[in-house]
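The values are calculated or read from the model by the stated rules, or taken from the named source; none is laboratory data. Because the structure is predicted, anything quoted here is derived from the model rather than measured. Cβ coordinates were reconstructed from backbone atoms using ideal geometry, including for glycine residues, and neighbour counts include every protein chain displayed. Ligands, DNA and RNA are stripped out before the accessible areas are found, and what is left, the full protein with its side chains, is counted by its heavy atoms. Shrake-Rupley method; radii C 1.70, N 1.55, O 1.52, S 1.80 Å.
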Amino acid sequence: MLTIFSPDQRLHAPESEFSRGRMIPYRETPARADSVLAGIVAAGLGPVETPEDLGTGPVLAVHDAAYVDFLQTCWTRWRVEQGDHPAFPTAWPLDRLGQAPPRGLEGELGWYCFDSGTAIGPGTWEAALASAHSAATAAMRVSAGATEGLVGAAFALCRPPGHHAAAAMMGGYCYFNNAAIAAQTLRHGGAAKVAVVDVDFHHGNGTQAIFWTRADVLVASLHADPSYAFPYYCGFADETGAGPGEGATLNMPLPKGMDDAAYLVALATLLRRVAAHGADALVVSLGVDTFGKDPLSAFALSAGAYPRIGAALAGLGLPTVLVMEGGYATEATGRNVAAVLGGFTEAFTMG
Ligand code: Q9C
Ligand code: ZN
């Protein structure tokens, strides 16, 4: 399977994050990407190529222009106002009745960011844009394969990740929603209907928000129940979309302690519903923070689950873009991602 990754994605490397009352080492590191690259090489999964420089076009297809502008200028403004340490918000809007943020960097930070653990430093903009380019390039390659009648798959090694980022909101280590960008690129490339299946431990609140009212992109997720896990305020089963998108959002919140067998049964159930919905192409938000030994996980998955997750996803038989999301047990992350891609490749048959 083809992998897309840019070395520029390493330029985002904050030192620390605010977590449960303490500053701790930033968990979403460049080393995560290197672990995945090593896993891909060790498993002999295929070539790794750099993305095309697509400018801001692909991000503006799913994000607000004012938000994209904010991300591009935030670090330079922060450094002048506050100094050389990364930017974090410290206060949030009392309401969101207004259409625009207040002018002033601290007000804008709280407006455009929903948590206190997502940093903006030197290189954040460059890395997030390169990560989005990896997603868009992978989707363009899969689209080209599909129009030539060669159903195929590609892996976008996205980092920073994306599924918590909404049209005008960052958070959960995410700036641009790479999976949404891949889905939109597949739509642009000719797929009338796209399914996004999110297997990250956390609910992909950003992807859900972006496609909430749309019928052309199904968003289906299984994840830790928000009543005990980040992002806490959405991802419940009764969230099903609105307007033309009613019924095109599927959430399956799961209890703590899910083991391989229970998880694979839940995934099979979700995938049956995705298949029944019908789609021409698939985007997988591929998080492996479901791993039992992941520092953010409350599940109990073993390494043996990952090839089976890959095979289950391949069972949909659709042109597929797999997009990297979470996974913080850095050494194991590469092996587990390579195992998903290997299991997918073995089971995948030309639709
Ligand atoms: N102390 C992704 O997996 N921080 N994001 C939790 C707990 C947010 C994870 C802090 C975790 C976000 C893409
Ligand atoms: Zn996650």
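Being among the β-branched types (Val, Ile, Thr) and assigned to a helix (DSSP H, G or I): is that true of residue 62 here? It is false that residue 62 is among the β-branched types (Val, Ile, Thr) and assigned to a helix (DSSP H, G or I).
Among the residues of segment 175-203, the ones that are open to solvent by less than 10 Å² (accessible area, probe 1.4 Å) and within 17 Å of residue 337 (Cβ to Cβ) come to 8 in all. Looking at residue 343, is it out of contact with any Pro (no Cβ under 9 Å at 6 or more places or on another chain) and either farther than 24 Å from residue 128 by Cα or not charged (D, E, K, R) (or both)? Here the answer is no, as residue 343 does not meet what is asked.
How many of the residues in segment 336-351 are part of a loop (DSSP other than H, G, I, E, B) and either buried (at least 24 other Cβ atoms within 10 Å of the Cβ) or β-branched (Val, Ile, Thr) (or both)?
Matching residues across segment 336-351 total 1.
In segment 191-203 there is no residue that is touching a residue at least 12 places away in the same chain (Cβ under 8 Å), in a loop (DSSP other than H, G, I, E, B), in contact with a Lys or Arg (Cβ under 8 Å, 6 or more places away or on another chain) and within 15 Å of ligand 1 (Cβ to nearest atom).
Hey, does segment 10-28 have a residue that's over 21 Å from residue 109 (Cβ atoms), in a loop (DSSP other than H, G, I, E, B) and at pLDDT 95 or above? Checked against the condition, which is being over 21 Å from residue 109 (Cβ atoms), in a loop (DSSP other than H, G, I, E, B) and at pLDDT 95 or above, segment 10-28 yields no hits at all. Considering segment 114-154, the residues that are charged (D, E, K, R) and assigned to a loop (DSSP other than H, G, I, E, B) include one that is farthest from the chain's Cα centre (by Cα), namely 148.
Residue count for segment 307-335 satisfying the condition of being among the polar types (S, T, N, Q) and either assigned to a helix (DSSP H, G or I) or open to solvent by 10 Å² or more (accessible area, probe 1.4 Å) (or both): 2. Looking across 108, 17, 49, one residue alone is closer than 30 Å to residue 335 by Cα, buried (at least 19 other Cβ atoms within 10 Å of the Cβ) and among the charged types (D, E, K, R). It is 17.
Checking the structure you have, find out if any residue of segment 73-87 is open to solvent by less than 40 Å² (accessible area, probe 1.4 Å) and either closer than 21 Å to residue 333 by Cβ or among the β-branched types (Val, Ile, Thr) (or both). No - not one qualifying residue is present in segment 73-87. For segment 24-58, the set of residues classified as in contact (Cβ under 8 Å) with a residue 40 or more places away in the chain and within 16 Å of ligand 1 (Cβ to nearest atom) consists of 26, 27, 28, 29, 30, 31, 32, 33, 35, 36, listed by residue number. On the stretch given as segment 317-327, residues that are more than 27 Å from residue 128 (Cα to Cα) and either more than 20 Å from the chain's Cα centre (by Cα) or hydroxyl-bearing (Ser, Thr, Tyr) (or both) total 1.
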